[in-house]
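Down below is the structure, laid out as structure tokens.
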Amino acid sequence: MIPTIHVISGPAGVGKSTTSKQLVQALSKSAYISGDAISHIPVNGRGKPWLCKETYDLTWKNILSLTRNLLEQDYDVVIDYVTFPSDVEWLVQQLTDLEFRLVFVVLLVDRSTLIARDQLRPSEAQMGERSLVLLEEFETCSDLKEQNKLYTQQYRREQVSEIVEELRKNPRFIWKGDYPNSDRDK
């Protein structure tokens, strides 16, 4: 069976990490890539990825390298990071020499749920206004298809396994690669 890349996206605080970590446990030969952790590999001179193109591009190049290495060893890869369709298209284009399938899902919730979930995080991990800015970016992203959105405000933390099963079994999340504005030059 060919390996699968699962890209779990959405605004900060929506449940990407919780969902991704449970998904990676449900897969038999799998690896977890936290885009946030990858972006923090550079210690000095690092910018915030959403403000510094150099940091953003380096983060994606590092995610690409890890993903490639893992796919070559037949691992399913779960990428947990704020990811837009153009990022997915760039990643797919860089891996055309490998055989894989890609599942792309953007977890979304309403504003009040996002605020409540963010406030449940430890104070040093709360994203505040940044979460709401990202929610707005996803809601207005013209390249993001409905088939790749999964609204999760009705789920509680103990129901994450239901989200994981939806991601594993519903073919609507499989990347079709027909996004018109996906040109990137990382």
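The values are calculated or read from the model by the stated rules, or taken from the named source; none is laboratory data. Here the structure is a predicted model, which means the values were calculated and not measured. All Cβ positions, even for glycine, are placed from backbone atoms using ideal geometry, and neighbour counts span all protein chains on display. Keep in mind that these areas ignore ligands, DNA and RNA; they rest on the heavy atoms of the full protein, side chains included. Shrake-Rupley method; radii C 1.70, N 1.55, O 1.52, S 1.80 Å.
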Exercise. Just how large is the dipole of the range 80-186 about the Cα centre, in debye to the nearest 20, putting +1 at every Lys and Arg Cβ and -1 at every Asp and Glu Cβ?
Worked result: 360
For this session: Using a Gaussian network model of the chain whose springs link C-alpha atoms within less than 10 Å, name the residue from 18, 96, 55 with the highest mean-square fluctuation.
Result: 96
Seminar exercise, completed: When the charge dipole of the chain is computed with +1 on Lys and Arg Cβ and -1 on Asp and Glu Cβ about the Cα centre, the Cα farthest towards its positive end, among 33, 84, 122, belongs to 122
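Pairs of alpha-carbon atoms within less than 8 angstrom and 6+ residues apart define the contacts here; what relative contact order does the chain have, in percent? Present the calculation step by step, with values, prior to reporting the outcome.
Values: 275 pairs, mean separation 64.9, N = 186.
That works out to 35 percent.
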For this session: Just check the range 86-125 against the gyration tensor rule for me: Cα atoms, a ≥ b ≥ c as the square roots of the eigenvalues, rounded for a/c under 1.5, and otherwise prolate or oblate depending on whether a/b exceeds b/c.
Result: prolate
For this session: Scan around residue 5 for amide H atoms under 5 Å from its own, H built in the peptide plane at 1.01 Å from N, and keep only partners 5 or more places away or cross-chain.
Result: 77, 101, 102, 103
Seminar exercise, completed: In the chain the DSSP beta bridges are antiparallel at a rate, in percent to nearest 5, of 5
Exercise. What figure in square angstrom, to the nearest 10, would you give for the accessible area of residue 50 with a 1.4 Å probe?
Worked result: 120
Seminar exercise, completed: Residues whose modelled amide H sits under 5 Å from the amide H of residue 151, counting only those 5 or more places away in sequence or on another chain, are 108
For this session: Rank these residues by their accessible area, most exposed first, probe 1.4 Å: 142, 65.
Result: 142, 65
Seminar exercise, completed: Relative contact order as a percentage, the range 77-186, C-alpha pairs under 8 Å and 6+ apart, gives 48
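Please get the size of the charge dipole for the range 1-155, origin at its Cα centre, with Cβ charges of +1 on Lys and Arg and -1 on Asp and Glu, quoted in debye to the nearest 20.
Numbers: 15 positive and 20 negative charges, 71 e Å.
It comes to approximately 340 debye.
Give the shape of the range 11-79 as rounded, prolate or oblate, defined through the alpha-carbon gyration tensor: a ≥ b ≥ c are the square roots of its eigenvalues, a/c under 1.5 means rounded, and otherwise the shape is prolate if a/b is larger than b/c and oblate if not.
Values: a/c = 2.94, a/b = 1.48, b/c = 1.99.
Oblate.
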Seminar exercise, completed: In whole Hz, the Karplus estimates of ³J(HN,Hα) for the range 69-76 (6.51, -1.76, 1.60; θ = phi - 60°; x where Gly or Pro) are 4, 6, 4, 5, 9, 6, 8, 6
For this session: Work out, step by step, the length gained on full extension between residue 156 and residue 124: first 0.36 nm times the residue separation, then minus their alpha carbon distance; give nm to one decimal.
Result: 9.3 nm
Exercise. Could you list, bin by bin from short to long, the percent of Cα-Cα pairs of the range 80-186 in 5 Å steps?
Worked result: 2, 10, 19, 21, 20, 14, 9, 4, 0
